[in-house]
Amino acid sequence: MALSIKMDIDAVEDVTCLDPELLQLPDVSPFALKASPQLVEDLFSQWLSLPGTGHLVKSLIDDAKSGTIVNASTNFSTLNAVGSHSLPSMFPSSNAPPLSPRSSSGSPRTSRQKSSPSALGSPLKLVSEPMQEIIPQFYFQNGCPPTKELKEQCLSQINRLFNNPLNGLQIDEFKAVTKEVCKLPSFLSSALFRKIDVDWTGIVTRDAFVKYWVDGNMLTMDIATQIFEILKRPGCKYLTQVDFKPVLRELLATHPGLEFLRNTPEFQDRYAETVIYRIFYHINRSGNGRLTLRELKRGSLVAAMQHADEEEDINKILRYFSYEHFYVIYCKFWELDTDHDFFIDRENLIRYGNHALTYRIVDRIFSQAPRKFTSEVEGKMGYEDFVYFMLSEEDKSSQPSLEYWFKCIDLDGNGVLTPNEMQFFYEEQLHRMECMAQEPVLFEDILCQIIDMIAPEREYCITLQDLKRCKLSGNVFNILFNLNKFVAFESRDPFLIRQERGEPTLTEWDRFAHREYIRLSMEEDVEDASNGSAEVWDESLEAPF
């Protein structure tokens, strides 16, 4: 009896060490028991007073004296099964909250009862180790290797095309490999051939091609990466304008839409230069002359190359390759370059668009604020500089154009257009309106119109991001320094608006180039008719088109 009393005292003193979940009370939350130690003590005292508890303690003592292995968990579970309903409930039967709707198989309490130490073979809780999931390799330093099926299919095509006594192909025979095996535009054939034939032997063997294209994992790269790897020079991580010249030379030599230029090598070079300048104007967003793989992927050059390889009419490829677009740009340059030294000065540029631009904006252009000139002659812009200017002037909706003109208006270079900066350029516009006997529009009214049009985040502080969010932002620059386009915007023709909406894929540059090409063609026809022959011209005075 003394032993029993001592056990009761020890158990009561060790109540704080008791795991509430061992009580297995369905009506009492374990969290409530842990938060209320006094409640645990009361419940434990009631448990000790139950009739079954005395029998349990006595049987455990007897087992311990006889040396029998004590299976306390079985006895506890038997006692709880018999006496669980003898404990008083914390809640009245009618007000008890419902239990979570769990299945018996998923209950941790049921699982604990089923897993006895004897069944597990150890009194410790058995923890199953998580299964290791094998993650396939997803990064390959030299490119992802091709699958077995893809490699076999490619090798089959290679064996068929290289099946000749030389076991190789010359450069004029290599186009089929470029098209069928590499799935690249045909005018990349020479560049790919030279990339493999590094020793300039004049022939690419089967083994050399397999080593470069299959073993080098070029087969699994996307087409933009393939073109980038073919064109870039060894050791470089970017493309320059020089890297595109072999591609343009082959395009001029093989494309049916450019066949008429084959007898005029001078204009072949001018066409190739214009195409390259347009590519870098639109794609090289950093403006450093180094075209990265990221810029190539984000641009539309790859799609334009594929289109040019499939379309026989070169003028239908409006992006970069249209000959009509080149014709318009070059003729405009030729008209302004009166002494034909292939440079344009301030006085030449001020005549652009029938004197549409103000002197102040022309001065900003020649201060090289928007872009540093590539010409080495001070105070004059070269042909490449003019291409950048003209593309920016005739399509002010493009992002390169917005950046070009934003740098011109941002006099202090702080990245914000203020009312004072805009008023500086508009003052000359206002003066020109007065000279032309047009009703002048005060700057205060113009400023309100610009702010309503752009809706900048900070009032009276227009950033480049504000302009890029607005579809009408190009009109802001026309208001400030191009009087002809400003007047045309104020009195725009509803018919032209409907026509533009009917052709949403065409840009402002596409529409301008189309109109200007028609005008230049008509002027040339009239001039040829006045000379009495279409084959008579003075090459020293005008462009021979």
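Here are some notes:
- Selection from the stretch 407-432 of residues that are touching a Pro at 6+ places or on another chain (Cβ under 8 Å) and within 12 Å of A369 (Cβ to Cβ): K407, C408
- Only one entry in E335, E324 is part of a helix (DSSP H, G or I), without any contact (Cβ under 8 Å) to a residue 40 or more places away in the chain and either touching a Pro at 6+ places or on another chain (Cβ under 8 Å) or within 30 Å of F260 (Cα to Cα) (or both), namely E335.
- Listed by first and then second residue, the pairs with beta-carbon distance under 8 Å, at least 6 apart or on different chains, first residue in the stretch 356-374 and in a helix (DSSP H, G or I), second open to solvent by 70 Å² or more (accessible area, probe 1.4 Å), are R360/F424; V362/R346; D363/R346; F366/R346.
- Boolean, Y352 is in contact with a helix residue (DSSP H, G or I) (Cβ under 8 Å, 6 or more places away or on another chain), of a type outside the set (D, E, K, R) and either open to solvent by less than 10 Å² (accessible area, probe 1.4 Å) or free of Cβ contacts under 8 Å to residues at least 60 places away in the same chain (or both): yes
- Among residues of the stretch 268-310, those that are touching a His at 6+ places or on another chain (Cβ under 8 Å), open to solvent by 30 Å² or more (accessible area, probe 1.4 Å) and either of a type in the set (A, V, I, L, M, F, W, C) or more than 24 Å from P370 (Cβ to Cβ) (or both), counted: 0
- The stretch 150-176, residues that are basic (K, R) and crowded, with 16+ Cβ neighbours inside 10 Å: K151, K175
- Residue satisfying all of: in the stretch 238-267; open to solvent by 20 Å² or more (accessible area, probe 1.4 Å) and of a type in the set (V, I, T); farthest from V302 (Cα to Cα) among these: T264
- Matching helices (runs of 4 or more DSSP H) fully within the stretch 388-480 where at least 3 residues are touching a Lys or Arg at 6+ places or on another chain (Cβ under 9 Å): 399-409, 419-435
- Residues of the stretch 182-212 satisfying the condition of being buried (at least 20 other Cβ atoms within 10 Å of the Cβ), in a helix (DSSP H, G or I) and of a type in the set (A, V, I, L, M, F, W, C): F187, L188, A191, L192, F193, F209
- Residue in the stretch 438-454 that is more than 36 Å from the chain's Cα centre (by Cα), open to solvent by 30 Å² or more (accessible area, probe 1.4 Å) and of a type in the set (A, V, I, L, M) present: yes
- Qualifying position, being on the phi > 0 side of the Ramachandran plot and of a type in the set (A, V, I, L, M, F, W, C), among F366, F342: F342
- Verdict on T147 being without any contact (Cβ under 8 Å) to a residue 24 or more places away in the chain and open to solvent by less than 30 Å² (accessible area, probe 1.4 Å): no
- Checked against the criterion of being open to solvent by 40 Å² or more (accessible area, probe 1.4 Å) and more than 27 Å from I462 (Cα to Cα), the stretch 403-414 has no qualifying residue.
- Of the listed requirements (1) among the aliphatic types (A, V, I, L, M); (2) touching a Leu at 6+ places or on another chain (Cβ under 9 Å); (3) closer than 25 Å to E311 by Cα; (4) not assigned by the TED database to the domain that holds F267, V214 misses just one: (3).
- Number of the condition not met by E434 [criteria: (1) more than 20 Å from D363 (Cα to Cα); (2) touching a Leu at 6+ places or on another chain (Cβ under 9 Å)]: (2)
The values are calculated or read from the model by the stated rules, or taken from the named source; none is laboratory data. Quick caveat, the model's predicted, so the values are computed rather than measured. Here Cβ is always computed from backbone atoms with ideal geometry, including for glycine, and neighbour counts include all displayed protein chains. Keep in mind that these areas ignore ligands, DNA and RNA; they rest on the heavy atoms of the full protein, side chains included. Shrake-Rupley method; radii C 1.70, N 1.55, O 1.52, S 1.80 Å.
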